[in-house]
C-alpha cells in the first residue's frame, strides 16, 4: 500500500494558481483525478509527538506501519493505556457485584443526614435545629459513638425555598448514603421529604413538623413533636379557659400547610365549645404589609386574634395591629418561636401568648443540664424549642439504633416505632401507632422583652 501511495504522488501534477481572491489568498485549480485518489488513500504517515486515538479494541491501537522508532513507542504506550483501562473497568464491575463500592468504605461510621432552613426567611428555625443536632452528635461521639461507631453527620440547607428540600433529600439518600434523616421544622418542607424517604425506606424523624399529614405519608416517617390537632386544642382551651375570651379572629398563612391546619383545628374546637369566630383573614409568607387585613379585623372588635403563621410575619402583624389601635390579645402556635420575634415586635408583642414544645424555665434537671451545656457551647445563647427538638431527635435515633442492633432500615424503623417513655429534654416521648409523639405542650408568654413559662398542658387534658 505504501508503494502504491508513493506511485500516485509521483504521477500527479500539482494544482496551479488560477487567480487571487479578495483577501489575497490564492485560488487553486480543481484537483485532478489522481490528486483525489491520493487524498482518498488509506495510508497516513505517522506524525511524531502525537498520541493515537483511543479505540475500543486492541488491533487499532497498533499502527499499520511500524517503520519508525517513534511509532513503535506510541504503539507500546497505547497498549499500556488500554490494559490500565481494562483493569479499572474490571475493578469497578467487581465493586458493583460484590457491594464493595466507595460508599461502603466508610462503614466504620453511621451516616445520618440533616436537612433544614439554614438560610432564607426561616433561617432561625434551621439554625436552631442544627445547633441541637450538632450538640447531640458531638456528645454521642465523645461517649464512644453508637455500637462502637461514630456518627457521621451530613447537613443540607433548603434555603427556605419550596422544592429545594426534594433535591437535597434525594442527594442525602442516593449520594451520601445516609441510614436515617432528621428534619424539618416546617411541615411543608417535611412533606416534600417524606415521600422520598418512604420510597427509599430510610427512616425520617421530623423535629417540629406538626401537620398531621407528615406521618400519614408512610411507616418510615416519625416525629418527636406533638401535632397540630393537639396544639390547636391547647391554644383554643387556653383562650377559653385561661383568658376567658370567646370572640376570636384568625389570621392564616395560606402558603404554609402548618398554618392552614392549625387554624382549622383551633376553629373546630372553639366552635364546639362556646367560642365565636368573628373574622378570618389570610396572608402569604413574605408579605410585609398587613394593614388591610388588620383594619377589617379591627372593625369587628375581637377579644383575641390567633395568628397561626411563623415568626417573621407574626412580629410585623402584631406591631402593625398595635399601631392601628387594636386592643385584642394576640396568641399563636410554636411557629412564633424565632430569633426576630421580640426584636421586631418590640413592645407591641408584650403580653402575647403561644404554645410551644419546651421552656428554658422548666425545673427539670435534664432541661437545666441541657440549657447549661448549650449556653456553654454557643456563647451563652439560650436554646429555643427547635434546638431542643433537634437534640431529642438525634438522641432518640441513636437509642433506636442501639435497640435495633444496627442500621438495617426495617429493624431501625421498628425500633423507632417501639420507643416508649424516652427521656427527652422536651419531655418524655412515646411514639404512638400513628408514629407521632405523645407528649405535653407548654404555654409561653412574652414579658419584659423575654420569653417566660406560663403553664403546661398534658395530652390527656387537651381533648
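Annotations for the structure displayed:
- Taking N as its residue count, the alpha carbon Rg of the range 145-196 over 2.2 N^0.38 Å: 1.22
- Each 10 Å bin from zero up to the one holding the largest Cα-Cα distance in the range 396-463 carries the following percent of pairs: 19, 37, 24, 15, 5, 0.
- Rounded to the nearest whole angstrom, the semi-axes of the ellipsoid equivalent to the range 169-263, taken from the Cα gyration tensor as √(5λ), stand at 33, 12, 9, largest first.
- Sorting the segments 430-443, 119-132, 296-309 by their residues' average number of neighbouring beta-carbon atoms within 10 angstrom, most packed first, yields 119-132, 296-309, 430-443.
- Fully extending the segment from residue 364 to residue 456, taken as 0.36 nm per residue of separation minus the present Cα-Cα distance, adds 31.8 nm.
- Taking each residue as 0.36 nm, the span from residue 119 to residue 280 lengthens on full extension beyond its C-alpha to C-alpha distance by 54.9 nm.
- Extension gain, residue 161 to residue 377, is 74.8 nm, computed as 0.36 nm per intervening residue step minus the present C-alpha separation.
- Each listed q (0.11, 0.16, 0.19, 0.21 Å⁻¹) maps to a log10 I(q)/I(0) for the range 95-229 from the Debye sum over equal C-alpha point scatterers, namely -0.39, -0.81, -1.09, -1.26.
- Orientation-averaged projected area, Cα convex hull of the range 251-393 (nm²): 9.8 nm²
- Taking the alpha carbon gyration tensor of the range 345-444, multiplying each eigenvalue by 5 and rooting it gives semi-axes of 30, 16, 11 Å, largest first.
- The Cα center of the range 210-286 and the Cα center of the range 402-453 differ in position by 20 Å.
- Two-decimal ratio, the range 265-332, of alpha-carbon radius of gyration to 2.2 N^0.38 Å: 1.09
Coordinate-derived values only; no laboratory data. Keep in mind the model is a prediction, meaning the values are calculated, not measured. Neighbour counts run over all protein chains shown; Cβ positions are idealised from the backbone, glycine included.
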